[in-house]
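Below: one structure, written as structure tokens.
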Amino acid sequence: MRTTPTLTALLRCAFTVCVLAGVQLFGGVAHAQSQATTTLLVIVSNKTPTPTMTNKDVADLYLGRTRHLSNGQMVVPLDNPAAAPIRARFYKALTGKAITDINAYWARLLFTGQSSPPQPMADTNALLEAVRTTPGAMAYVEQSQVTNPEAMGLKVILSIAAP
């Protein structure tokens, strides 16, 4: 014998569908907000003569493939602390690799004596001070941390959109 759904059963089903749709909708909004991008700036002292830089040029410097710019200028890449979230975002945006892959890459190079990783600094203030005072120093910071680079004695050589 076939039964007809009651009004209560239909309403219960409709309510469940609405709740699930709402979770999906609001979950998607939260996910989209967590995927917002920030701009990372690669900076040097405004006294450092720098040619036009690309992502590949900066990646080569930060992965130890070269220590010089195309104009011959020696570069000292500086890094953020190992646990800083900006570090993982920078390497992901620059190389497409997770920070664990970057750490493994440097472990191999260190073990074989081929190169050493960029020197990590204590915090953003230490990075900014080192870039201002160390000839050839290069670092990366969030755009919100450097609102007026020129006034701080800095020059932006590359902007990178990072998740």
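Every read-out reported here was derived from the displayed coordinates using simple, explicitly stated rules and does not represent laboratory data. Being a predicted model, the structure only gives us computed values, none of them experimental. Cβ placement follows ideal geometry from the backbone for every residue including glycine, while neighbour counts extend to all protein chains displayed.
Quote the relative contact order of the stretch 43-163 in percent (integer), defining contacts as alpha-carbon pairs under 8 Å separated by 6+ residues.
Reported relative contact order: 44 percent.
For GLU129 and SER116 in the same chain, what is the full-extension length gain: residue separation times 0.36 nm, less their Cα-Cα distance, in nm?
So the extension gain works out to 2.5 nm.
For the stretch 65-79, just list the computed ³J(HN,Hα) in residue order, Karplus coefficients 6.51, -1.76 and 1.60, θ = phi - 60°, integers in Hz, with x standing in for Gly and Pro.
Once θ is set to phi - 60°, the couplings for the stretch 65-79 become 6, 8, 10, 10, 7, 5, 8, x, 4, 6, 10, 10, x, 10, 10 Hz.
With the cut-off at 1.5 for a/c, could you classify the stretch 71-115 from its C-alpha gyration tensor as rounded, prolate or oblate?
oblate
What nm distance separates the two modelled labels at MET74 and GLN143, each placed 7 Å from Cα along Cα→Cβ?
3.4 nm
For the stretch 38-163, max minus min Cα coordinate along each principal axis, in Å, sorted largest first?
If we take the Cα atoms of the stretch 38-163, the spans are 41, 32, 25 Å.
Can you work out the Karplus-derived ³J(HN,Hα) for every residue in the stretch 119-130? Use 6.51 cos²θ - 1.76 cosθ + 1.60 with θ = phi - 60°, whole Hz, and x for glycine or proline.
Along the stretch 119-130, the couplings run 6, x, 9, 5, 6, 4, 4, 5, 4, 4, 5, 5 Hz.
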